[in-house]
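Colleague: Take a look at the following structure, please.
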Amino acid sequence: MPDHLDSESKLWTDDLQVCAQTGAGFATNQQYREDGARNNEASFKFRDRSFHIKVDENTSLYAICSGHNGSKVAHLAIQRIAAEIAFGGISGKSNEEEVKEVLRQTFITVEKTYLETIDSLLAKKAFRQYEIPEGISQYEISQKYKNILDELKQINEELSVGTSVVIALICHKKLYIANIGNCRALLCKNDANNVLRVVQLSVDHNLYNEDEILRLCQLGLDTQALRQAPLSCTRCIGSYMNKSGYRDCDFLSGASAEPVISQPEIVGAIPVDDTCSFLILMSGGLCKTLQEIFSTEVSQVNKEMIQMAVEQFRTQSTMAGVAQSVVHKIVQFHHDLYMEHVQERGSGETPLPFTRRDDITILIRNFNFVMPKFNKRGAVRLNFESAVFEISPFGYSRPSSINIVLSGNP
């Protein structure tokens, strides 16, 4: 479907001062070919948007917007987030509750701005629906009003565009995380024994989240049937068709209220001190790609992600190199796994578990992990067998901590 917003134009956020301690990595979605050749044509335009900016000496802001069904809402949201927080919203705020309220109001403002942008589209939809007479059969409608039906289908596709969001805000040496949808945030800290301890600070809003399943069940929806539906996340910005327009959506029409909501999860404040090693923000496409590679529970997927990051920290001399090298490794793993499935299937008709890879964006903010230019000796040993697991108080999708044992001085 077309993106009517000029999503390929340069974002004004690109001109803001970047955080020099952060690396960004990207990979555009790809459709695979069974002959192993690279398909240089992307399935669709890159849908992720992100920034990592230094607001002032006391404040840094990071965000990933991971678009679904198009990039329009991600493009809109990333700019509004920067405007709301970096320019005025966070100024003079040091109280933890005040900072969290700024984040909460940012999501409300972004959703409100989105709704304002679709007013004309909703009016057009209502007008075209009015042109179809009442009391005639669906067959007659399909024969006589095909052009109108085609136009309504395109409108509904545009109204289905949305985005997941994860925001990290460092304000006066305290870290805050806000997320909605399928993007993810992982924080790695060193404990007293020089062991990296990793915790997921975000919540995955999808049909693997028991709290979200319960919420949808209470609205009268069959969650087993929903697993077969194209519902990528249960909370997001945008996606009008799954919110106010849900009665026109076959798999959501039975709900007693709006099934998809725009209420974020907000965590903080977490002190940013000498124990903090690094922070990772991951797009929804990256989380999905890792899940397809490792086919295991979220906590194990997070372990694999951290292992790859630590390996690159020990071999790369820049944060940009760390982030992009992690992405390259994941992209190669995913394609190699696809080719293994093709070879194992042979000439059979068994469906492949996946045939494409989604867009990937990663932001890695280094706090205190010493990189090779400062320490060229030593090696990293990742000891998952001796990992200590702790139940996090945050509930579902707050995976328990893991240990990464380092040999040598990190």
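The values are calculated or read from the model by the stated rules, or taken from the named source; none is laboratory data. These numbers come from a predicted model, not from an experiment. Ideal geometry is used to build each Cβ from the backbone, glycine not excepted, and the neighbour counts take in all protein chains shown. Areas reflect the complete protein model, heavy atoms only, side chains present, ligands, DNA and RNA absent. Shrake-Rupley method; radii C 1.70, N 1.55, O 1.52, S 1.80 Å.
Colleague: Report relative contact order for the chain in percent, whole number only (criteria: Cα-Cα under 8 Å, sequence separation at least 6).
Modeller: It rounds to 22 percent for the chain.
Colleague: Between GLU340, GLU258, GLU212, find the one with the highest GNM mean-square fluctuation for the chain; connect C-alpha pairs within less than 10 Å.
Modeller: Among GLU340, GLU258, GLU212, the largest mean-square fluctuation in the Gaussian network model of the chain belongs to GLU340.
Colleague: Just to be sure I understand: with springs between alpha-carbon atoms less than 10 Å apart, which residue in GLN143, GLN291, GLN21 has the highest mean-square fluctuation in the Gaussian network model of the chain?
Modeller: GLN143
Colleague: Which of rounded, prolate, oblate describes segment 17-366, given a ≥ b ≥ c as roots of the alpha-carbon gyration tensor eigenvalues and a/c under 1.5 marking rounded, otherwise prolate only if a/b is larger than b/c?
Modeller: Verdict is oblate for segment 17-366.
Colleague: Give the carbon-plus-sulfur fraction of the accessible surface of the chain in %, rounded to a whole number; probe 1.4 Å, heavy atoms of protein chains only.
Modeller: C and S fraction of accessible area: 48 percent.
Colleague: For a test of the definition: using alpha carbon positions, the gyration tensor, and the 1.5 limit on a/c, classify segment 72-208 as rounded, prolate or oblate.
Modeller: prolate
Colleague: Kindly rank 46-56, 156-166, 345-355, 267-277 from highest to lowest mean number of other beta carbons found within 10 Å of each residue.
Modeller: The most tightly packed comes first, giving 156-166, 46-56, 267-277, 345-355.
Colleague: A further question on this structure: Which listed residue (HIS68, GLN300, GLY25) has the Cα farthest towards the positive end of the charge dipole for the chain, taking +1 on Lys and Arg C-beta and -1 on Asp and Glu C-beta about the Cα centre?
Modeller: Selected residue: GLY25.
Colleague: Choose one of SER164, ALA86, GLY284: the residue whose Cα lies farthest towards the positive end of the charge dipole of segment 17-366 (beta-carbon charges +1 Lys, Arg; -1 Asp, Glu; about the Cα centre).
Modeller: Toward the positive end, the furthest listed residue is ALA86.
Colleague: Leaving out ligands and nucleic acids, and using a 1.4 Å probe, what accessible area per residue does the chain come to in Å²?
Modeller: 47 Å²
Colleague: Which entries of LYS124/LYS146; LYS72/LYS144; LYS153/LYS243; LYS189/LYS303 show an alpha-carbon separation above 21 angstrom in the structure shown?
Modeller: Where the Cα-Cα span goes over 21 Å, the pairs concerned are LYS72/LYS144.
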